[in-house]
Amino acid sequence: MAIFNLKKREIECKIVYYGPGRCGKTTNLEFIFKSYKKQVRGEMVSINTEGDRTLFFDFLPMGLGKIRGCDVRVQLYTVPGQVKYSSTRKLVLRGVDGVVFVADSLEVRREKNMLSLKDLQNNLKDYGKSIFKIPLVMQYNKRDLAEQGIPLMPLEQMERDLNRQLKVPSFPASAVKGSGVGITLKECLKLTLKSLQKEFKWAQ
Amino acid sequence: MSDFKQQLKALLSEAEIYKGQGLVDEAKAKYQSAATLIRSKENIKNRDSLLSAIETKINQLQKERSAANQAVQSPRLSSKAQNLIKNLFLAADDEGKDDAALEAGIVLAKLGQFDSAITEFNKLIQKDNLRVAAAKNILQCHLAKSSEQEAIDQYQRWMSDDGFPPKQLETIRQYLEEILQQKGVESRLPAPKLEPQDRPAADLELELEKDDEEEFIDITSIAITFESGPHKGKTVEFEVNFQSGNMLSLIISKDEADLLEGLDDGMTLKEIQFFSPIAIFNGSAVVVSKTQIKSGPKQGDYCLDIRITST
Ligand SMILES: Nc1nc2c(ncn2[C@@H]2O[C@H](COP(=O)(O)OP(=O)(O)O)[C@@H](O)[C@H]2O)c(=O)[nH]1
Ligand SMILES: [Mg+2]
């Protein structure tokens with residue numbers, strides 16, 4: 001989906017935050033919106049229900065400035081978590097260039113993480129993409145809850161559950177506190193731009 | 001603090017946090033464990049008031065959940081949000097086009113135009129997500145033309161020309177074999193070799209319960225018990241020629257046209273048995289339309305469309 005305007009030397013690409021319901025996708029975007037004011041280009045749009053659940057998705061446009069003479073623009077999206085919105089989830093994933101998989105560190109959400117990753121794999125496959133090939137970064141969120149004595153999955157266990165085969169970069173995070181949010185996004189942008197570069201050789 | 005108190009406190013604070021994060025089921029489970037823990041102790045002073053406090057918490061959770069579910073229906077959308085959605089759906093349009101082409105093929109087939117229907121379906125064979133549906137319909141077209149052999153040959157051509165992933169081909173083989181068996185046609189269709197990579201990778205193996213609102217099982221035939229009309233009380237079995245979701249199309253020979261007398265548009269058929277490869281189930285359906293085929297090999301025959309309303 002990345003849109004190239006070679007004349008104007010512009011690139012626009014799409015990164016999707018994926019993960020089970022309530023794992024902290026929207027919170028990631030909110031933090032980015034607050035903390036990267038210079039790069040944010042416009043409003044964060046959230047389509048919510050009255051209870052604050054994401055109904056369709058959140059959307060945040062960003063500009064990364066010039067990279068090798070190209071103006072790079074990025075659109076960040078999140079997907080809704082609940083099972084009944086599976087068609088919206090798929091729609092948001094359409095034309096995706098890079099994915100951040102946000103996993104919930106709560107022990108009680110272990111299975112939900114695995115199901116969601118599997119769901120991601122299937123939806124990508126329907127668009128002819130492989131989870132093994134797409135630029136992908138893992139985030140193990142809600143690490144801060146350990147302080148309150150809430151049972152969390154050890155990071156090693158999460159690696160085994162979710163990342164043993166994928167072997168993608170992974171980061172612990174606390175989206176409410178903002179830790180790990182920036183590095184997750186940067187790594188995903190790096191991988192995404194690298195893969196687009198390979199695909200289109202735009203930086204020659 | 002006693003062991004009991006500590007355990008109880010931990011459970012309750014977990015429940016509160018899950019609740020705060022909107023994890024309703026998880027919160028409820030923790031409240032329930034807390035209640036079980038309290039019940040297991042007989043000599044606590046304020047046992048009853050503790051239990052009723054927990055019950056209140058659980059009820060509250062349930063109330064919040066149903067409120068949230070109701071709110072879902074009518075979100076207010078800014079014009080910006082509306083534009084975003086429009087763009088997403090516009091982008092999805094070429095995909096909608098394929099679904100539309102599949103529907104178009106089914107309509108042609110229902111009208112007895114099997115060859116042009118096959119042409120339409122063949123265009124969709126290249127599309128990974130529609131290949132299986134298109135292939136099933138192509139086979140049904142051959143079968144409707146009463147050429148079982150052509151259906152078998154077609155399967156074998158697919159088998160040898162490599163365009164089908166083995167997993168999809170296997171789905172189609174099972175589908176065809178089931179129909180042939182019902183027709184009493186002896187045949188052993190060669191099965192494709194399934195590659196190990198067709199199976200999901202080991203630690204991504206968990207099966208997701210699919211949101212199968214739109215997925216219907218293949219129904220191969222149905223039995224209608226007439227409740228009124230000239231055939232009252234009689235049960236007649238019909239073959240299903242085409243299926244699109246919950247809409248079934250039956251082609252009924254002009255020689256059996258009298259059976260259609262009791263079946264008018266809009267009529268509810270309360271007693272139907274549906275036969276599928278997986279199971280037989282009872283249900284009801286509505287007659288959507290009854291049309292006579294004007295041209296082609298089935299000229300003069302009827303196409304009866306019924307929609308499954310409940311099973
Ligand atoms: N303690 C804690 N809570 C979090 C964290 N990230 C998200 N949450 C909370 O989890 C809930 C769901 O977050 P949200 O971003 O809406 O999840 P989404 O469904 O993935 O968009 C909210 O109550 C957040 O405040 C985190 O890192 N730590
Ligand atoms: Mg959200």
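The values are calculated or read from the model by the stated rules, or taken from the named source; none is laboratory data. Owing to the predicted nature of the structure, the values given are computational and were not obtained by experimental measurement. Cβ: placed from backbone, ideal geometry, glycine included. Neighbour counts: every protein chain shown. Each accessible area value is taken on the protein alone, full model and side chains, heavy atoms only, with ligands, DNA and RNA left out. Shrake-Rupley method; radii C 1.70, N 1.55, O 1.52, S 1.80 Å.
Quick look at the values:
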read-out: Under 12 Å, Cβ to Cβ, from A:Val40 - net charge with Lys/Arg +1 and Asp/Glu -1; value: +3
read-out: Solvent accessible area, Å² - A:Val92, 1.4 Å probe, full protein context; value: 0 Å²
read-out: Unit Cα scatterers, Debye sum, the range A:3-200: log10 I(q)/I(0) for q = 0.10 Å⁻¹; value: -0.39
read-out: Cut-off 14 Å between beta-carbons: net charge of the residues surrounding A:Arg143, Lys and Arg +1, Asp and Glu -1; value: -3
read-out: Radius of gyration, Dmax [the range B:221-310; alpha carbons; angstrom]; value: 12.5, 35
read-out: Interface size B-A, as summed buried accessible area [1.4 Å probe, Å², nearest 100]; value: 3700 Å²
read-out: Probe 1.4 Å, all protein chains present, accessible-area order of B:Lys41, B:Lys123, A:Lys25, A:Lys133, largest first; value: A:Lys133, B:Lys123, B:Lys41, A:Lys25
read-out: With DNA, RNA and ligands ignored, accessible area of A:Met138 (1.4 Å probe; Å², nearest 10); value: 0 Å²
read-out: Heavy-atom accessible area ranking, 1.4 Å probe, most first, across B:Arg188, A:Arg89, B:Arg307; value: B:Arg188, B:Arg307, A:Arg89
read-out: Phi to ³J(HN,Hα) by Karplus 6.51 cos²θ - 1.76 cosθ + 1.60 over the range B:34-42, Hz, x for Gly, Pro; value: 4, 4, 4, 4, 5, 5, 6, 9, 8
read-out: Accessible-area order (highest first, 1.4 angstrom probe) of the listed residues B:Tyr18, B:Tyr175; value: B:Tyr175, B:Tyr18
